[in-house]
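Some notes on the structure that comes next.
Nothing in this text is a laboratory measurement; each read-out follows from the coordinates by a stated rule. Predicted model, so just to flag it, every value in this text is computed and none were measured. All Cβ positions, even for glycine, are placed from backbone atoms using ideal geometry, and neighbour counts span all protein chains on display.
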Amino acid sequence: MGAKRDAGFFQVDTWASKLLKLEELHRLGLAYYCLIFDADTKEMKGTVSFSNLVRFPFHSCNLGYSLAEDAQGQGYMRRALSMAIPYMFEYQNMHRIAASYMPHNKRSEAVLENMGFEREGFAKDYLLINGKWEDHILTSLHNPNWKQA
């Protein structure tokens, strides 16, 4: 289990004001957020975010994601990441995407492994989640086709 989300987190209305702020981050090239929707019901199911973008000399960013409980295990995140990661590599010229997950979160571990992320280490008390410092496994994915601009 990850961070607790209030009932409105996956509602479009909740995101209306957030989208204005996120659009500004996108425009400035500081962060990129994607919303995941069910193709049939048009219901919001999750988010994918690329934050802490650093260009030269790192060309790296952090990946974050969240998925509604009723959407987990159905391939939503794998499909979303298979579209979002190439965008960050090809169009944002990222060399490295870092991602982390709590050791007990086997679904997160599986989706990152499936996407080719490699384990790099363990970070004690890494993120404050639901009022508690949580340990995380650190992973990354490198762009094999990175080219200096």
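List of remarks:
- Over the chain: helical MRE at 222 nm, DSSP H runs n ≥ 4 each giving -39500 (n - 2.57), nearest 500: -9000 deg cm²/dmol
- Dipole check for the chain: with +1 at the C-beta of Lys and Arg, -1 at the C-beta of Asp and Glu, and the Cα centre as origin, the magnitude is about 300 Debye.
- Stretching the chain fully between GLU90 and CYS34 yields a gain of 18.5 nm (0.36 nm per residue, less the alpha carbon separation).
- Of the chymotrypsin sites (Phe, Trp or Tyr not before Pro) found in region 7-92, the ones in coil according to DSSP and having at most 15 other Cβ atoms within 10 Å of their Cβ are PHE9, PHE58, TYR91.
- Positive-end residue, region 12-142 charge dipole about Cα centroid, Cβ charges, pick of TYR126, MET44, SER108: TYR126
- Whether region 7-149 is rounded, prolate or oblate, judged on the alpha carbon gyration tensor where a/c under 1.5 counts as rounded: rounded
- The residues SER51, SER140, when put in order of fewest to most other Cβ atoms within 10 Å, stand as SER51, SER140.
- Sparse-neighbourhood loop sites, trypsin sites (Lys or Arg not before Pro) in region 53-149 - DSSP loop, at most 14 other Cβ within 10 angstrom: ARG55, LYS147
- In this structure, the amide hydrogen of ASP135, modeled 1.01 Å from its nitrogen in the peptide plane, lies closer than 5 angstrom to those of ASP125, TYR126, counting only residues at least 5 positions away or on a different chain.
- Lysine pairs in the chain whose alpha-carbon atoms fall under 26 angstrom of each other, counting only those eight or more residues apart or on distinct chains, come to 17.
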